[in-house]
């Protein structure tokens, strides 16, 4: 591996690391990416599942048209056309009553026009809808439930949306983080609520094209290179220790640490990072033929079951359960049976026989996005002048999403230019 003076070392090839590498490589600076595993992408990747006999994503990531940094990232790597854009709406189905409704937030103009789309939620009262204004003035310690209150609007819109976006129930989720997302959506006049899903897979959209562009710019990417320790003197890092080698850093070299918070804590215990995490459980079912959701949507939020969101891509139905710590120890077959019942009901298919399925558990999918943890997210800067942090868990002002990860990588790179 060739190391030149002024080299930027990116530790981690997840989306934050790839975004940082793209930004730095545009300047002509030498860049080396070190990835501990055998592939890039981190929690945003695809793989061929032998049990299902098809390619699936390790998890479902909801990208909205309001996510400008993610869209710019895709444009830079030539993958803007790899996403399928749906209608600018959040569709829902109540599994118990079979009621369906769709909310298209973001109307511009008067307050009445802004609030009107939320009247589509069955049982929502005017007072419930007006509580949305309290979200705009919620303090840093407020939870979503404290800001918006209980009721039909909470259970049939805010709860499923909060759990999906913040990976936390409204009783503990940060109101400020949800406010930021809603501000982006509402500020776009309704256009920002359109879901955008990968036509083929997450790797084909976000990862493989980025690796190709970086390789074309001369960026070296080394896999199976887990950083074991860092060495410092004064306010600068002086060396990176890998299992097979030690890289000495020159005074012009810099490091972007784009790894999970637990890894940062091991390498640099003096940096305060979020220690609590929340789980996500995903299920993928291989159908005999493409299915159809109510209204022809490619995704739908479910009320009254264990499954929370169902995504369709060809003959694969994927299910997401966020804030899923309580499901982690359940047997796989039990989870598959439970989630298939909800999925079959949503798709209008018989419960049995159950199609082939795969469960993917992410025990530490995101940091816990409660007010206390959010208040203590670290910035990209560290005590070392040549070390910066990147990751959706850093203080981006956004939830732990693809958008947040990409923005964090861009911000870290900007500090080193």
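Coordinate-derived values only; no laboratory data. Since the model is a prediction, treat every value here as computed from it, not as a measurement. A quick note on method: Cβ atoms are made from the backbone with ideal geometry, for glycine too, and the neighbour counts reach across all protein chains shown.
In Å, the Kirkwood hydrodynamic radius of the range 263-349 over pairs of distinct alpha carbons? Taking every pair of different Cα atoms in the range 263-349, averaging 1/r and inverting gives 14.7 Å. Residue ranges 129-142, 163-176 sort as 163-176, 129-142 when ordered by packing (mean number of other C-beta atoms within 10 Å per residue, highest first). Could you tell me which label, among (1) -0.56; (2) -0.81; (3) -0.70, carries the value of log10 I(q)/I(0) by the Debye sum over Cα atoms at q = 0.09 Å⁻¹ calculated for this structure? Of the listed options (1) -0.56; (2) -0.81; (3) -0.70, (1) comes from this structure. Once the Cβ-Cβ distance of residue 141 and residue 48 is raised to the sixth power relative to R0 = 45 Å, the FRET efficiency obtained is 0.50. Here the sum of -39500 (n - 2.57) over DSSP H runs of 4 or more residues, divided by the residues of the chain, equals -7500 deg cm²/dmol at 222 nm, to the nearest 500.
In a fully extended conformation the segment linking residue 276 and residue 233 would gain 12.4 nm over its present Cα-Cα distance, using 0.36 nm per residue.
Dividing the C-alpha radius of gyration of the range 81-186 by 2.2 N^0.38 Å, with N its residue count, gives 1.06.
Using Cα pairs closer than 8 Å and at least 6 residues apart in sequence, work out the relative contact order for the range 1-129, in percent. Relative contact order, the range 1-129: 12 percent. Suppose each label sits 7 Å from its Cα in the direction of the beta carbon; what would the residue 217-residue 126 distance come out to in nanometres? Output for this residue pair reads 5.4 nm. The protection proxy used here, the mean number of other Cβ atoms lying within 10 Å of each residue, ranks peptides 83-93, 321-331 as follows, highest first: 83-93, 321-331.
For the chain, the share of DSSP beta bridges that are antiparallel, to the nearest 5, is 70%.
Between the helical axis of 175-186 and the dominant principal axis of the chain, each derived from Cα atoms, what acute angle in degrees is found, rounded to the nearest 10? Helix 175-186 sits roughly 80 degrees off the main axis of the chain.
Take every Cα pair under 8 Å whose residues are at least 6 apart in sequence, average their separation, divide by the length of the chain, and the relative contact order is 24 percent.
Between residue 241 and residue 363, full extension at 0.36 nm per residue minus the direct alpha carbon distance yields a gain of 41.1 nm.
For a modelled paramagnetic label at residue 99, 7 Å from Cα along Cα-to-Cβ, the residues of the range 275-316 in reach, with backbone nitrogen under 17 Å, are 301-305.
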